[in-house]
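I have placed the structure first, in the form of structure tokens, so that the comments after it can refer back to it.
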Amino acid sequence: MALFLGISRVLFRSVKDLRLLTAKRHRVKGKWATTRPKHLPTRLALQHFDATYSVQLGQLWPSVRVALLSERKYGALFNNFSNNPDLEKLQAQGCRDFISDGEDPTSSEHNCEFGAEEDSSSVSTVSSHVDSQLQSPLWLSPNIKCLVFPRGDITRFKPARPDKFSLLSYYLMDAASVLPCLALGVQKNHTVLDLCAAPGGKALALLQTQSVRFLCVNDSSVSRTSRLKRVLHSYIPKPLLTDDKLRITSFDGTMWGEIERNSFDRVLVDVPCTTDRHSLMEDDNNIFSRSRVGERRSLPQLQVELLLAGIIAACPGGEILYSTCTLSLNQNQGVVEQAIQLAEENHGIQLKVVSLRPLVQKFRNTFHFAPDLHLGEMVIPHLAANFGPIYLCKLRRLT
């Protein structure tokens, strides 16, 4: 036994000596060669966008591309329920509330910042269902405030501080993400459904109106719903989060028509999408990962089902706001057209598109809007005002 142990030690030393004499590149084979992705999701996303958006946006794409690959600009959604004096401090730093400072929509014609008209290849073919749009005055809640730094100013906001009741003074979000909440036109005693509510910024904006009689916020992801709850509890006083004022659920949004029909005055359908800016900047949780190809390709169908569920949930005379954070025609205009058609064919629901041109005219000095969309409106990123992309389209249920 002792002889065997002695021989083993000699052999072990010999092996160690041989490894020391072997060149390092031959001695160890690094794991990265088999585990590191050969095609990063961000690179795949950029290739896809270059191929698609260069055709869709034409001469606008180079500037939009640069902006998408640059740091995004944020806005500070002010919390009316907090007692912090941060509003005055932010205004002293040069911030302005873009909502109250917006232009009068009736004062002048829409200014096409980009000069040239959109190339015909970038315009979708709109069906007869959406040829005529309802003209409706823009109604904005005086209680929503969202502060932004001036155009070209890339100053970052400091983290919000809690007041003596532990409520934070503002919520940082893409300022263009407030537009769907403004376009929804929530008025006194309305019941509102936010069908895809997480992470909670738009639900928070809706509550800032102080006009919602009852708000139902839903998200199919349990983990995202938990984050949504934390956001609301960080900004909204507990007396306003009671069951008679707020309901938080985690149902499959596509099945909402089987849960609640003809119930809500306003419905916000901010659907999952390719999230263009995130897809270009972050490899983690990226929809362009090789393992998520099927999920990405099925997005338009999921979006149609969610919008259709939102339409069914709205009461006759109610309004539905569809929004995404992508530039994609297939996920924007294409989804709206298909949902309108299916609502009429399968459910006997007639809809009209509500023009959002007054919204564009009012906020054209804060955001860059895509010119001449035949259906809905879209904020496109620009280095001087690097918000978006945000697409929004408003529908009114007639029957």
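How do the pairs read when you match residues in the stretch 72-98 that are of a type in the set (A, V, I, L, M) with residues anywhere that are assigned to a helix (DSSP H, G or I), using Cβ under 8 Å and keeping only pairs 6 or more apart or on different chains?
Correct list of pairs: Ala76/Leu90; Leu77/Val178; Leu77/Gly201; Leu77/Leu204; Leu77/Ala205; Leu77/Gln208.
Filter the stretch 179-201 down to the residues that are farther than 14 Å from Lys245 by Cα and part of a loop (DSSP other than H, G, I, E, B) and list them by number.
Result: Gly185, Val186, Gln187, Leu195, Cys196, Ala197, Ala198, Pro199, Gly200.
Quickly run through the stretch 274-288 and pick out the residues that are over 16 Å from the mean Cα position of the chain (by Cα) and surrounded by fewer than 20 Cβ atoms within 10 Å (Cβ to Cβ). Before the answer, list the steps.
Of the stretch 274-288, the ones over 16 Å from the mean Cα position of the chain (by Cα) are 283-284, 288.
Hits for the stretch 274-288 are Asp283, Asp284.
Tell me yes or no: at least one residue of the stretch 48-70 is open to solvent by 30 Å² or more (accessible area, probe 1.4 Å), at pLDDT 95 or above and within 30 Å of Tyr235 (Cα to Cα). It would help to see each step written out before you state the result.
Quick first cut of the stretch 48-70, residues open to solvent by 30 Å² or more (accessible area, probe 1.4 Å) only: 48, 50-52, 54-55, 59, 62-63, 65-66, 69-70.
From what is left, the residues that are at pLDDT 95 or above are 48, 50-52, 54-55, 59, 62-63, 65-66, 69-70.
Cutting the leftovers down to within 30 Å of Tyr235 (Cα to Cα) gives us 70.
Yes, because at least one residue in the stretch 48-70 is open to solvent by 30 Å² or more (accessible area, probe 1.4 Å), at pLDDT 95 or above and within 30 Å of Tyr235 (Cα to Cα).
What residue, among those in the stretch 236-263 that are under 22 Å from the mean Cα position of the chain (by Cα) and part of a helix (DSSP H, G or I), is surrounded by the fewest Cβ atoms within 10 Å (Cβ to Cβ)?
Met255
Return the residue satisfying two criteria in turn: it lies in the stretch 339-362 and is farther than 15 Å from Glu319 by Cβ and either part of a loop (DSSP other than H, G, I, E, B) or among the polar types (S, T, N, Q) (or both), and of such residues it is least open to solvent (accessible area, probe 1.4 Å).
Gln361
Collect the residues in the stretch 289-305 that are surrounded by fewer than 17 Cβ atoms within 10 Å (Cβ to Cβ) and not basic (Lys, Arg), keeping them in residue-number order.
Those that are surrounded by fewer than 17 Cβ atoms within 10 Å (Cβ to Cβ) and not basic (Lys, Arg): Ser291, Val293, Gly294, Glu295, Ser298, Gln301.
Which of the residues spanning the stretch 127-147 are surrounded by 15 or more Cβ atoms within 10 Å (Cβ to Cβ), over 19 Å from Thr209 (Cβ atoms) and either among the basic types (Lys, Arg) or at pLDDT 90 or above (or both)? Full working, then the answer.
Restricting attention to the stretch 127-147, the residues satisfying the condition of being surrounded by 15 or more Cβ atoms within 10 Å (Cβ to Cβ) are 129-130, 133, 136, 138, 140-141, 144-147.
Restricting the remaining residues to those that are over 19 Å from Thr209 (Cβ atoms) gives 129-130, 133.
Scanning the stretch 127-147 gives a single hit, Gln133.
Between residues in the stretch 148-168 that are under 12 Å from Cys95 (Cβ atoms) and open to solvent by less than 80 Å² (accessible area, probe 1.4 Å) and residues that are modelled with pLDDT of 90 or more and in a strand (DSSP E or B), which pairs lie under 6 Å by C-beta distance while being six or more apart or on different chains?
These pairs meet every condition: Val148/Gly75; Phe157/Ala76; Phe157/Leu172.
Which of the numbered conditions does Ala176 fail, given that it passes all the others? Conditions: (1) open to solvent by less than 10 Å² (accessible area, probe 1.4 Å); (2) outside any loop (DSSP other than H, G, I, E, B); (3) touching a helix residue (DSSP H, G or I) at 6+ places or on another chain (Cβ under 9 Å).
So the condition that Ala176 fails would be (3).
Quick one: in the stretch 202-235, of everything that is part of a strand (DSSP E or B) and under 16 Å from Phe81 (Cβ atoms), which residue is least open to solvent (accessible area, probe 1.4 Å)?
Ranking the qualifying residues of the stretch 202-235, first place goes to Leu215.
The values are calculated or read from the model by the stated rules, or taken from the named source; none is laboratory data. Everything quoted here is computed from the prediction, not taken from an experiment. Here Cβ is always computed from backbone atoms with ideal geometry, including for glycine, and neighbour counts include all displayed protein chains. Note: accessible area is taken over every heavy atom of the protein model, side chains too, but ligands, DNA and RNA are not part of it. Shrake-Rupley method; radii C 1.70, N 1.55, O 1.52, S 1.80 Å.
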